[in-house]
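These notes are about the structure you will find just below.
The values are calculated or read from the model by the stated rules, or taken from the named source; none is laboratory data. Note that the coordinates shown come from a computational prediction; the quantities given were computed from them, not determined experimentally. All Cβ positions, even for glycine, are placed from backbone atoms using ideal geometry, and neighbour counts span all protein chains on display.
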């Protein structure tokens, strides 16, 4: 919207005779889009049309260009920050959360359970014989085993479930709104799927074995306490597997 004027003035008359395209220092000053932008800007700034001299027009266009450049720089900075935050939360080897991000999500889930009285569950997984795989086939095979295992876990979880690598050969899974019985069924299902989906390493089929521990997230303990208890249950299951 343009600011109306009461009539022609001495400054307004030369502007009607001079072509906008002759303004120096602005290659786009002659375009209709730039003129409309300047008119809108001067209207917002409260500058009467009669006072929009060549110098004012150039200054406004320079300011508009600088503002647009700052906006683009800010958008780029936001994208880079988002990328850095994602990298900070992701495991260095696998496309899942690292321990720091996983513990943070556990803390949120425990607070949620405490506030609303809705139980969730934690599954603690441990890949058996990773050292044996490394010693037999090399460390690249060990990395492939971890990647293979993580892929199976992710493919067999709900979108709302959270998986992370807790360190080495240990993984954690948060099952929101799932009681201990439901978590145990899910853990056993994962164990069976992993056992029936061997890793292919240089033409050889390598079967992976996993032990698990279950612990309900009930809101009266910290994330570290819940992890410790799930870890203890996992080692109990590992001992059972060795005795079979």
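For region 198-215, the candidate set comprises residues that are over 29 Å from the mean Cα position of the chain (by Cα) and in a strand (DSSP E or B); within that set, the residue that is surrounded by the most Cβ atoms within 10 Å (Cβ to Cβ) is 211. The condition of being within 29 Å of residue 219 (Cα to Cα), without any contact (Cβ under 8 Å) to a residue 24 or more places away in the chain, touching a strand residue (DSSP E or B) at 6+ places or on another chain (Cβ under 7 Å) and assigned by TED's automatic domain parsing to the domain that holds residue 223 does not hold for residue 169. Is there a residue being more than 19 Å from residue 175 (Cα to Cα), touching a helix residue (DSSP H, G or I) at 6+ places or on another chain (Cβ under 6 Å) and not assigned by TED's automatic domain parsing to the domain that holds residue 168 anywhere in region 73-88? Looking through region 73-88, none of the residues is more than 19 Å from residue 175 (Cα to Cα), touching a helix residue (DSSP H, G or I) at 6+ places or on another chain (Cβ under 6 Å) and not assigned by TED's automatic domain parsing to the domain that holds residue 168. Output the residues belonging to region 216-237 that are closer than 16 Å to residue 103 by Cβ, in a helix (DSSP H, G or I), in contact (Cβ under 8 Å) with a residue 60 or more places away in the chain and in contact with a strand residue (DSSP E or B) (Cβ under 8 Å, 6 or more places away or on another chain). Hits for region 216-237 are 226, 227, 230, 231.
Once region 141-166 is narrowed to residues that are out of contact with any strand residue (DSSP E or B) (no Cβ under 7 Å at 6 or more places or on another chain) and assigned to a loop (DSSP other than H, G, I, E, B), the residue that is nearest to residue 108 (Cα to Cα) is 160. Among the numbered criteria (1) closer than 18 Å to residue 131 by Cα; (2) under 31 Å from the mean Cα position of the chain (by Cα); (3) loosely packed, with under 11 Cβ neighbours inside 10 Å, which one does residue 220 miss? Of (1) closer than 18 Å to residue 131 by Cα; (2) under 31 Å from the mean Cα position of the chain (by Cα); (3) loosely packed, with under 11 Cβ neighbours inside 10 Å, only one is false for residue 220: (1). Among the residues of region 129-146, those identified as modelled with pLDDT of 95 or more and surrounded by 14 or more Cβ atoms within 10 Å (Cβ to Cβ) are 130, 133, 134, 137, 141, 142, 143, 144, 145, 146.
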